[in-house]
1. What is the Rg over Rh value, at two decimals, for the chain, using alpha-carbon atoms and the Kirkwood definition of Rh?
2. Helix-derived [θ] at 222 nm for the chain: sum -39500 (n - 2.57) over DSSP H runs of at least 4, divide by residue count, nearest 500?
3. With a Förster radius of 41 Å, plug the Cβ-Cβ distance of Gln290 and Asp57 into 1/(1 + (r/R0)^6) and report the FRET value to the nearest 0.05.
4. Give the peptides 154-163, 130-139, 185-194 in descending order of average Cβ contacts within 10 Å, highest first.
5. Which residue, chosen from Gln198, Leu262, Thr55, occupies the Cα position most advanced towards the positive end of the dipole of the chain, where the dipole is computed from +1 (Lys, Arg) and -1 (Asp, Glu) charges on Cβ about the Cα centre?
6. What list of ³J(HN,Hα) values in whole Hz, one per residue of region 105-117 in order, does the Karplus curve 6.51 cos²θ - 1.76 cosθ + 1.60 (θ = phi - 60°) give from phi, with Gly and Pro shown as x?
7. Assign unit charges at the C-beta atoms only (+1 for Lys and Arg, -1 for Asp and Glu), then state the dipole size of region 44-287 relative to its Cα centre in Debye, rounded to the nearest 20.
8. Would you be so kind as to identify which of Ile167, Ala245, Leu81 lies farthest towards the positive end of the dipole of the chain, taking Lys and Arg as +1 and Asp and Glu as -1 on Cβ and the Cα centre as origin?
Amino acid sequence: MKLLLNALIFLVVTDSCSAFTSSNKFGITGGISSATELYARKPFISGNWKLNPQTRDEAVALGKEIASTITPDTPDIDIALFVPYVFIESTINAVDGKLMVGAEGVSPEQKGAFTGAVSSSMVKSIGVNWALAGHSERRTLFGESDEFINGQCLKLIDEGMSVMLCIGETLAEYEQDLAGAVCAVQLKKGLAGISKEQMTNVAIAYEPVWAIGTGKVATPEVAQDVHSKCRAIIKDMYDEDVADATRILYGGSVSPESVDELMSQPDIDGALVGGASLDGTKFGRIINYQPV
Ligand code: 13P
């Protein structure tokens, strides 16, 4: 249904879209060759391992288990795991090209006296094309500001890489009906200076803070509502083509039980999964979701 809708949108606006590029399953950008490639936003299921697992052997075993759930029957989607820096190379080897492995963040700085920092060029040099920015845990626990997050986005794009910008409101903000307003601020500040053309290297992850790690997944209706608000904000910042082409993922207690309905919403283009991405069976079911 979503594919059909997007193909129809394409037919209406086809003349104005020739400058766009799309990314394929491995995040490599290329020219557009067909309507479906352009506006059928390719679903994107991703896992964020955070500070897990505890050893390299466990990371390798988990990566292999997850890769084994990807079969010829798996839908044609983008799949990525965002993993701790020290596990990136061994996880890339473990998944054997079946999915992408990304970084959980990078420094906005390129080099120099920044003890403990890791740059975009460093992770790029070991085969990484995607990184997260703006995760609520980084914002709150590590004090990363919108300016810092914007610097990360710009640096990644500068490096020819792609960024998944995470946004989302707290419970108090949600209860005050401020979800749309908070997302607008975080989108506008996070994406400052990113051009319309560069938006092909950006995905958004809407992760309401109250749903992260709490087991309280947003209902498909609530998530859809905020996703459509985010798309409207992107349209306002850029234009309708960019809004239609930008993937907006949902994150926050996504599970095998909730993924099918979430992925059936017209503006939900994927999932960013925390806890369930540490369980090969659960994440495998999420990757192989079945829209209702
Ligand atoms: P959970 O899926 O554990 O709620 O975590 C979501 C998240 O923060 C992904 O980035």
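Just so you know, all these numbers are worked out from the coordinates, no wet-lab data involved. As the structure is a computational prediction, the values presented were derived from the model and not from experiment. Note that each Cβ is placed from the backbone with ideal geometry, even for glycine, and that neighbours are counted across all protein chains shown.
1. 0.93
2. Per the formula, -11000 deg cm²/dmol.
3. In this case the efficiency is close to 0.80.
4. 130-139, 154-163, 185-194
5. Going by the charge dipole, the pick is Thr55.
6. Per-residue couplings from phi come out as x, 9, 6, x, 8, 8, 6, x, 7, 9, 3, x, 7 Hz.
7. 640
8. Leu81
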